[in-house]
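In what follows, a structure is listed as structure tokens, so that the remarks can point back to it.
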Amino acid sequence: MICLFRRLLLAVLAILCSLWGHADYTIYPTPQRMAAGRDKALLTASVNVVAEKGIDAYTIARLKEVLTQQNGIAMTLARKPKVGCSNLWLGINGSKGAADKRAVKSVVARDVFAVQDKFDRHVLSISRSAKGQADIIILGEHTNAVFYALATLEQMLEQSAGVAADGKMMQTVTVSDYADMQYRGIVEGYYGYPYSFDVKKDLMQFFKRYKMNTYLYGAKSDPYHSGYWRDAYPEAITPLQQKNGWLSQQMIIDLSRLSLETKVNFIWAIHPNSGKAVDFHTAESTASAVADVAAKFSKMHSLGVRQFAVFLDDAGWDFDDVNNYRDFLNNLQLYMEQKYNRNYVNSSDTVLPIHYVPHIYAINFANEQQLQTYFDAISQTKANIVVYTTGSGVWSSLQNADFVKMKQLMKRPVALWWNYPCNDNKDGRVYTADMHTTLHEMGLPTPETEIPQCLGMVSNPMQQGEVAKICLFGVADYAWNSHAFNTRRNWEDAFTHIVGKDNAMLYKYLSLYLRHDDPDHLGSMIEHYKTALAEYRDDGFALRDTLQAIKSAADRMLKMPPASKSDSLLLQELRPWLIKLSSMAETAQLLMQLPKMSSSADRDLYIHKIKEAITNYKENKDYQVDALEGMGENPPSEWHPVEPSHKYLMPFILWLNEQNDIIKPTVENQ
């Protein structure tokens, strides 16, 4: 009888938990520590917000977005807590303000703010009041840390049951969190079409949700970054220029404004080694270079840009000039600080430190003596200048030894320009697998679990910014909490965060076949079918079903009504891969069916379709993607055949074609 009662009680508790919401939260990036409480608490339909003086307007606006715009929960700003509703405190650690006073006795708060060499430290606590209401305290080391904590709250609310009129039932929890790396985001620095204005904005909104804080912009094909680097951006651009990724002044103003709203620093980079290049051979020419670059930075500052970078990558260097490189950077940083950071009114007007990509950005570019000579000089630059490396080579995985080496050379930690998942050397490919699998596909080893000497991580991603979100979701997770990073779990969960629950399974399924290296299980089915044919058996049922599933999924996604601007941009990028994948799956089915055709009319129809498809793979631009090649004012473009499922499925199509002796295509450009 007691056992029966216990089973009934457990069943009732399970039902209540399902009604109240999750017993725990799944948050990305993975928090350093999250301790769930035993209680549920009601976040009331109206919340009283007590924000300390140090919390800026952008953080308040973000809170309003999370509470009101997304969840229909009203919020009122007040100086003190209110009885009868949930209270939410926002504050700065050590301020002795309202939030800080409430959290000062917390062991968790003391511990997280005592952690050294970590970034954006904060505590988020949801507790239950005596009347069952949810009270929330968010305490950060600065207002930006509080802003990032709101991304955690945002995901918690999405996983909590309730409607706006009644509030949200939330699990009590304490999250103590911080980032392993200071800089987390992307560098738009590949060779190819720069991201469109819409993609840039969408990526910044995406980064906001996952605590990424850096958008380092130095698109090689942006002429005002490189060839016309001295000139101001145009006030207006033509449709063709916009297609080629050019930016107008108003676009930069808008990106700068969005940078403040999302707290994703839009760092504009200059590449003064093309066009009329700078000269570092003498002290006089170096001083002139400082003046020229500073003049362009001033033009960008007037458009709202508040952080700058200097890219000296992919340019020749002279070891006799290394001290001039040092003086150039130091004097440029000093000039920017003295001009802009003396009398600013708002902290958002502060010009932040320069980010620098050196000539020797890969360790294997130079021998030991050359490395020592170059970085002896660069290490003497101001300590707040952020220096980047790509690691041991241009293409590298995450190996701590590279950052230990660079710290020895620079005498301070450096950040990673990570050419992952960059595809400007493989224009026809997209990388849609998890981090470890993608690195293997790129010919790189599995990354190490922790890179404690790495100051930051910016991904130089694919030319398809929306497709790159799969990998960028992993970058956000790894850069925040590398020790807890789980490559498979991160990939499994990414799709819901990118396209929503309704389309997550479809996109995840297709991601297996949109990439060049289609999955091994498809290869096994193909080999099984070939063996059966050699033994005069027809055992291709599973393979045919899989091919039909691939085609149906690709066709469904092509016809998928976009639920958001992000979805529309994603479908636009994936279109040639989806069209070709659908055709490949159909062509393989036709080729498998062809030997069974008894009707000559049906056989002729199949042969016509097969010939047309194989010819299209080489010639039809619906199955191709164009990319800009090189950098400067007017780089040429080239068309590249896209390469979905080219490890197993495309060779299988060519093999079947040869068996049926239909058409003799060349393997190249398939």
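Just so you know, all these numbers are worked out from the coordinates, no wet-lab data involved. All values reported here derive from a predicted model rather than from experimental measurement. All Cβ positions, glycine included, derive from the backbone under ideal geometry; neighbour counts span all protein chains shown.
The table below gives the values:
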item	result
Ordering of 635-642, 282-289 by burial proxy (mean other Cβ atoms within 10 Å per residue, highest first)	635-642, 282-289
Reach of residue 339 by Cα under 13 Å, taken over aspartates and glutamates that are not fewer than 8 positions away in the same chain	349
Per-pair calculated FRET efficiency, R0 = 22 Å: residue 159 and residue 46 via Cβ, rounded to 0.05	0.55
24 Å Cα-Cα reach of residue 276 towards lysines, excluding residues that sit fewer than 8 places from it in its own chain	220, 296, 299
Percent of Cα-Cα distances greater than 20 Å, calculated over segment 389-497	35 percent
Potential extension, residue 440-residue 127 segment - 0.36 nm per residue separation minus Cα distance	108.2 nm
Mean Kyte hydropathy of -0.5 or more with a Cα span along the axis of at least 24 Å, helices from DSSP in the chain	2-20, 283-301, 541-558, 565-593
Kirkwood Rh and Cα Rg combined as Rg over Rh, evaluated for the chain	1.01
Reachable aspartates and glutamates, given that their alpha-carbon falls under 13 Å from the alpha-carbon of residue 82 and they are not under 8 places away in the same chain	135
Fully extended contour minus Cα-Cα distance, from residue 323 to residue 110, at 0.36 nm per residue	72.3 nm
Residues of segment 620-661 with amide N under 19 Å of a point placed 7 Å along Cα→Cβ from residue 240	626-639
Local electrostatic count at residue 482 - Lys and Arg +1, Asp and Glu -1, tallied over other residues with Cβ under 9 Å	-4
Between segment 142-188 and segment 491-564, the alpha-carbon center distance in angstrom	34 Å
Euclidean distance of C-alpha centroids, segment 292-368 and segment 592-610, integer Å	65 Å
Sequence of 120, 502 once ranked by neighbouring C-beta atoms within 10 Å, starting from the fewest	502, 120
Under 20 Å from the residue 291 label point (7 Å along Cα→beta-carbon), backbone N, segment 327-371	327-340
Computed E for residue 565/residue 348 - FRET, C-beta separation, R0 22 angstrom, nearest 0.05	0.25
For segment 217-234, Karplus couplings with θ = phi - 60° (6.51, -1.76, 1.60), whole Hz, Gly/Pro x	9, x, 4, 4, 8, 7, x, 8, 8, 10, x, 9, 4, 7, 8, 6, 4, x
Ordering of 576-586, 424-434 by packing [mean C-beta count within 10 Å, highest first]	576-586, 424-434
Intensity falloff of segment 39-187 expressed as log10 I(q)/I(0), Debye formula with alpha-carbon point scatterers, at q = 0.10, 0.11, 0.19 Å⁻¹	-0.31, -0.38, -1.15
Rg/Rh for segment 284-388, where both radii come from Cα atoms and Rh is the Kirkwood radius	1.00
Check: the chain dipole with +1 on Lys, Arg Cβ and -1 on Asp, Glu Cβ, in debye	3060 debye
Rg over Rh, two decimals, segment 508-660 (C-alpha only, Kirkwood Rh)	1.03
Inter-label distance for residue 605 and residue 314, nm, one decimal - labels placed 7 Å from Cα along Cα-to-Cβ	5.0 nm
Sites residue 36 and residue 637 - FRET efficiency at Förster radius 45 Å, r taken between beta-carbons, to 0.05	0.25
Cα-Cα over 18 Å, subset of 551/609; 208/243; 551/580; 530/618; 96/263; 426/647	208/243; 530/618; 96/263
